[in-house]
1. Counting only residues 5 or more places away or on other chains, whose amide H sits under 5 Å from the amide H of residue 10 once H atoms are built in the peptide plane?
2. For the chain, what is the mean residue ellipticity at 222 nm derived from helices alone (per DSSP H run of n ≥ 4: -39500 (n - 2.57); sum divided by total residues; nearest 500 deg cm²/dmol)?
3. Only bridges whose two residues both fall in the range 3-240 count here: according to DSSP, what percent of them are antiparallel, nearest 5?
4. How big is the dipole moment of the chain about its Cα centre under a simple scheme where the beta carbon of each Lys and Arg is +1, that of each Asp and Glu is -1, and everything else is neutral? Debye, nearest 20, please.
5. On the accessible surface of the chain, probed at 1.4 Å, how many percent belong to carbon and sulfur atoms?
6. Let me understand the chain better: what is its radius of gyration from the alpha carbons, and its Dmax, in angstrom?
7. What accessible area per residue, rounded to a whole number of Å², is obtained for the range 3-240 using a probe radius of 1.4 Å?
8. Apply the Karplus parameterisation 6.51 cos²θ - 1.76 cosθ + 1.60, with θ equal to phi minus 60°, to every residue of the range 29-45 and state each ³J(HN,Hα) to the nearest whole Hz, in sequence, with x for glycine and proline.
Amino acid sequence: MQANDKLIVALDVPTLEEAEEIVSLLVPLVGIFKIGLQLYSSCGPKAVEMVQRYGARVFLDLKLHDIPHTVADAGRVITGLGVGMFTLHVAGGLSMLRAAVQAAREEALARGIPCPMLLGVTLLTSLQVEDVRRIGLGTSVIDVVQRWAGLAREAGLDGVVASPREVRVLRLALGPEFILVCPGIRPAWSGLGDQKRTMTPREAARVGVDYLVVGRPIVEADDPVQAVTRIIQEIEEGLSC
Ligand code: C5P
């Protein structure tokens, strides 16, 4: 995969107009845009249609977490939108994950469209050891991530979302085919924000991340095209180390 195919830009903005401005600017360089809770809450499937109109793929990051029946029904609707990938929380458990996989496959088959990639969200990249303790998980960050990633694979998901810092361990445990998608990417020239378990684009590419998700360092940059260009260059450097 080439450096620019590995970059996913998070459209974390409140309106369709702002999202379209970013997509129209970046679509010559970026092929996948992530729609998350803010944009989807504000304009729903219109945001998905807008990105698709530009010929780009959609990563719908709604982090589904509910009883199996509800998540399966949502998974069917999301699959029908023609997105390329979507997320669900591994903490929802094996039955919920399996129900979503089955629902997405059935819906894709019925519509004659490709099945989206299903990605399990492990431990959010904004959490660290103290949060894990206070949530009551009573173990280490890497143990939670590894355990949840194993559950995701057992349920038939295509991959997981995790911190780039966990990629080496996950790759060893889960093999080369399992897709590892990583937010918590911070170039040396941008602020951390609320992210805690971070890496630079260069390091993330070097440890073998499949897809790098970047939001604020791009969408809040004075020049988003320049920010993307720099990040793609850093990914290239990481791949060639
Ligand atoms: O602005 P920033 O680069 O931190 O954006 C990261 C994006 O990835 C956000 O849209 C956030 O919701 C998402 N994300 C995350 N950690 C996860 C899963 C998704 O930061 N574990």
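1. Those lying under 5 Å, H to H, from residue 10 are 34, 214, 215.
2. Result for the chain: -14000 deg cm²/dmol, rounded to the nearest 500.
3. Once the DSSP bridges in the range 3-240 are tallied, antiparallel ones form about 0 percent.
4. Dipole about the Cα centre, nearest 20: 640 debye.
5. The nonpolar share, carbon plus sulfur, comes to 51 percent.
6. Calculated on Cα positions, Rg and Dmax stand at 17.0, 47 Å.
7. 44
8. Per residue, the Karplus-derived 3J(HN,Hα) values read 10, 10, x, 10, 10, 9, 9, x, 4, 5, 5, 5, 5, 7, 9, x, x Hz.
The values are calculated or read from the model by the stated rules, or taken from the named source; none is laboratory data. Predicted model only: the values in this text are computed from it and were never measured. Note that we place each Cβ from the backbone using ideal geometry, even for glycine, and neighbour counts take in every protein chain shown. Just so you know, the surface numbers come from the protein's heavy atoms only, side chains and all, with ligands and any DNA or RNA stripped out. Shrake-Rupley method; radii C 1.70, N 1.55, O 1.52, S 1.80 Å.
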